[in-house]
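Student: Handing you a structure now.
Nothing in this text is a laboratory measurement; each read-out follows from the coordinates by a stated rule. As the structure is a computational prediction, the values presented were derived from the model and not from experiment. Every residue, glycine among them, receives a Cβ derived from its backbone with ideal geometry; neighbour counts consider all protein chains shown.
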Amino acid sequence: MPSLKDLKNRINSVKSTRKITKAMQMVAAAKLRRAQEAAENARPYAQRMEAVVNGLAASVKGSDSAPLLLSGTGKDDVHLLVVMTAERGLCGGFNSSIVKLARQHAATLASKGKTVKIITVGKKGREQLKRDLGEHLVAHVDLSEVRRVGYQNAREITQDVLKRFDAGEFDVATIFYARFQSVIAQVPTAQQIIPAPVPEDAEATMLYDYEPTEEAILEDLLPRSVATQIFAALLENAASEQGARMSAMDSATRNAGDMIDRLTIEYNRSRQAAITKELIEIISGAEAL
Amino acid sequence: MADTMQFDLVSPEKMLASVPVTAVQIPGTDGDLTAMPGHVPFITTLRPGVVIASTDKGEMRYVVTGGFAEVSAERISLLAERSLLAEEFTQPRFDEMLEEARVQRDSAKGPAHDANAKHFADIMEAGRQLGLQASKV
């Protein structure tokens with residue numbers, strides 16, 4: 001049975017924890033709104049880029065001069081996984097669920113005898129993957145100094161990825177991130193970026209004249225399209241992270257509240273018990289006289 | 001035929017402009033061109049340069065690098081990797097971009113070097129059009 005003082009101390013410490021989680025929740029809510037706005041703003045560019053690239057890809061598909069980024073290297077041996085996670089923890093299962101998806105993917109590929117290479121973006125994913133897939137990690141991108149992800153960050157990642165592709169270091173690249181659905185639902189997603197997937201129903205847009213040639217435009221646009229996809233993923237991830245943190249901190253705050261209630265009841269009971277005990281002692285002492 | 005067309009200038013981070021215009025001058029990879037309402041549907045890549053959009057209220061000038069333009073009869077969309085208003089294209093920004101292009105040019109070899117050298121020259125030219133001089137070459 002803890003003493004009254006112990007109980008009082010615990011109540012106070014849980015109360016200050018609640019203050020912290022409450023504050024984190026509110027900060028996350030504010031950041032989430034900004035992150036969502038950023039994702040919103042990036043959408044028109046990404047959509048148009050996708051539409052044009054798909055149209056072009058459909059008309060170039062199958063021709064011998066199609067760029068490697070579209071047609072692939074013709075092999076399927078080495079896979080590059082770009083795993084994007086957060087730089088910080090305390091956001092529920094956000095990091096773990098992305099890592100879990102990447103891990104499953106890596107295991108499937110390994111069982112098929114493929115080579116797996118991993119680039120991690122964000123500290124948390126690296127820490128988790130280092131344990132069992134440490135020898136597959138080839139690079140790490142640190143975004144801890146970055147306060148708001150900009151296109152520049154996406155471009156740097158893309159340049160690194162493309163350099164490796166040009167050097168023939170991998171055949172297929174997939175990015176892993178959490179798509180933002182709502183504050184309580186973030187969907188871990190795997191998305192192939194190289195070779196560029198062409199939807200089955202994409203139709204060649206014969207509508208347009210092209211200058212210079214279709215191939216030359218595609219050559220120029222595909223790297224940008226990769227960068228755009230990575231940028232979109234980074235933004236989605238940022239929004240998801242804040243969303244996950246917000247709901248994690250919300251339930252932490254609620255838990256702390258419940259705990260304080262329980263401890264307060266216990267505190268009051270033992271205080272009452274102590275008073276009753278003292279009374280009994282006094283009364284029985286008086287009776288004995 | 002309408003005498004204006006919708007002009008959208010989009011960068012990856014946000015939409016920079018969305019206004020009706022009467023003509024837009026675009027720095028295409030193979031040369032400058034001016035798109036007016038009723039233009040043939042057309043897609044071209046961009047070189048670094050100055051975009052001039054003519055509206056009822058006068059000319060708007062933007063500096064763009066990298067990207068492409070999608071032209072149709074009643075709208076023109078410019079997707080530029082980097083773009084800013086000509087007024088914001090100041091000497092420090094210009095120097096910064098030149099320096100970046102110079103590093104890229106000097107780090108590449110062969111055909112990539114030529115492409116980057118052209119990129120460098122294009123930025124230089126864009127600056128010249130707006131009355132900026134490279135402070136160091």
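Student: With contacts defined as alpha carbon pairs under 8 Å and 6 or more residues apart, what's the relative contact order of chain B in percent?
Tutor: Relative contact order comes out at 21 percent.
Student: Next question. Taking the Kirkwood radius as the inverse of the mean 1/r across Cα pairs, report the Rg/Rh of the protein assembly as shown.
Tutor: So for the protein assembly as shown, dividing Rg by the Kirkwood Rh gives 1.16.
Student: Right, something else. With a Förster radius of 41 Å, plug the Cβ-Cβ distance of B:Met15 and A:Lys100 into 1/(1 + (r/R0)^6) and report the FRET value to the nearest 0.05. Don't jump to the answer; show the numbers that get you there.
Tutor: Numbers: r = 36 Å, r/R0 = 0.88.
With a Förster radius of 41 Å, E is 0.70.
Student: Let me ask something else. If I take all pairs of Cα atoms in region A:35-247, what percentage of them are more than 30 Å from each other? Intermediate results must be reported in sequence, preceding the final value.
Tutor: Values: 5251 of 22578 pairs.
So the portion of pairs separated by more than 30 Å is 23 percent.
Student: With label points built 7 Å along Cα→Cβ from the Cα atoms of A:Gln191 and B:Thr34, find their separation and express it in nm.
Tutor: Result: 4.0 nm between the two label points.
Student: Report, in listed order, any pair from A:Lys100/A:Lys123; A:Lys112/B:Lys109; A:Lys75/A:Lys117 with a Cα-Cα distance greater than 27 Å.
Tutor: Those over the limit are A:Lys112/B:Lys109.
Student: Additional query: Cut-off is 10 Å between beta-carbons; in what order do A:Glu87, A:Glu214 appear when sorted fewest neighbours first?
Tutor: Going from sparsest to densest Cβ surroundings: A:Glu87, A:Glu214.
Student: State the percent of C-alpha pairs, over all pairs in region A:248-289, separated by a distance greater than 16 angstrom. If you can, show how the numbers build up before the last one.
Tutor: Details: 495 of 861 pairs.
Within region A:248-289, distances greater than 16 Å cover 57 percent of Cα pairs.
Student: Efficiency by 1/(1 + (r/R0)^6): what FRET value for A:Ile283 and B:Ala115, r their Cβ-Cβ distance, R0 = 60 Å, to the nearest 0.05?
Tutor: On the way: r = 99 Å, r/R0 = 1.65.
Approximately 0.05, to the nearest 0.05.
Student: Can you compute the modelled spin-label distance between B:Ala73 and A:Thr276, with each label point 7 Å from Cα toward Cβ, in nm?
Tutor: 9.1
Student: Which lysines, if any, have their Cα less than 23 Å from the Cα of A:Lys8, not counting same-chain residues under 8 positions apart?
Tutor: Once the sequence-local lysines are set aside, what remains near A:Lys8 is A:Lys19, A:Lys22, A:Lys277.
Student: With no solvent and one point on each alpha carbon, what is the Debye value of log10 I(q)/I(0) for region A:119-210 at q = 0.21, 0.22, 0.24 Å⁻¹?
Tutor: -1.30, -1.35, -1.42
Student: State the answer as a single residue: which of B:Ala73, A:Gln229, A:Tyr267 lies farthest towards the positive end of the charge dipole of the protein assembly as shown, with beta carbon charges of +1 for Lys and Arg and -1 for Asp and Glu, about the Cα centre.
Tutor: Farthest towards the positive pole: A:Tyr267.
Student: Give the average, rounded to an integer, of partner chain Cβ atoms located within 10 angstrom of each Cβ in A:38-44.
Tutor: 4
Student: Divide, for region B:1-43, the radius of gyration over alpha carbons by 2.2 N^0.38 Å, where N is the residue count.
Tutor: 1.24
Student: Give the Debye-formula value of log10 I(q)/I(0) at each listed q (0.18, 0.20, 0.21 Å⁻¹), with one equal scatterer per alpha carbon of chain B, two decimals each.
Tutor: -0.98, -1.15, -1.24
Student: D for region A:88-160, whole µm²/s, Stokes-Einstein with Kirkwood Rh over alpha-carbon pairs at 37 °C and 0.692 mPa s: what number? List each step's numbers first, then the result.
Tutor: Working: Rh = 13.5 Å.
Answer, rounded: 244 µm²/s.
Student: For chain A, calculate the relative contact order in percent as a whole number, restricting contacts to Cα pairs under 8 Å that are 6 or more residues apart.
Tutor: On the way: 399 pairs, mean separation 94.6, N = 289.
Relative contact order here is 33 percent.
Student: Per DSSP helix of 4 or more residues, -39500 (n - 2.57); summed, then divided by the residues of chain A. What does that give at 222 nm, rounded to the nearest 500?
Tutor: On the way: 6 runs with 181 residues, N = 289.
Here the helix-only value at 222 nm equals -22500 deg cm²/dmol.
Student: Taking just the C-alpha trace of region A:145-255, give me its Rg and Dmax in Å.
Tutor: Here Rg and the maximum Cα pair distance are 18.0, 62 Å.
Student: To one decimal place, what orientation-averaged projected area in nm² is obtained for the convex hull of the Cα set of region A:39-89?
Tutor: Working: hull surface 24.0 nm².
Directional mean of the projected Cα hull area for region A:39-89 stands at 6.0 nm².
Student: Over the Cα atoms of region A:13-147, what is the Rg over Rh ratio if Rh follows Kirkwood?
Tutor: Using Cα coordinates only, the ratio equals 1.08.
Student: Can you show me the helix-derived [θ] at 222 nm for chain B, built from DSSP H runs with n ≥ 4 at -39,500 (n - 2.57) apiece and divided by the number of residues, rounded to the nearest 500.
Tutor: Calculated at 222 nm, the ellipticity per residue is -9000 deg cm²/dmol.
Student: Another question about this same structure. What does region B:90-129 give for Rg and for Dmax, in Å, if only its C-alpha atoms count?
Tutor: For region B:90-129, the Cα radius of gyration and maximum Cα-Cα distance read 10.2, 32 Å.
Student: Net charge near A:Asp77, counting Lys/Arg +1 and Asp/Glu -1 over other residues with Cβ under 9 Å of its Cβ?
Tutor: Taking every other residue near A:Asp77 into account, the sum is 0.
Student: With no solvent and one equal point scatterer placed on each C-alpha of region A:1-87, evaluate the Debye formula and give log10 I(q)/I(0) for q = 0.11, 0.19, 0.23, 0.24 Å⁻¹, two decimals.
Tutor: -0.67, -1.04, -1.14, -1.16
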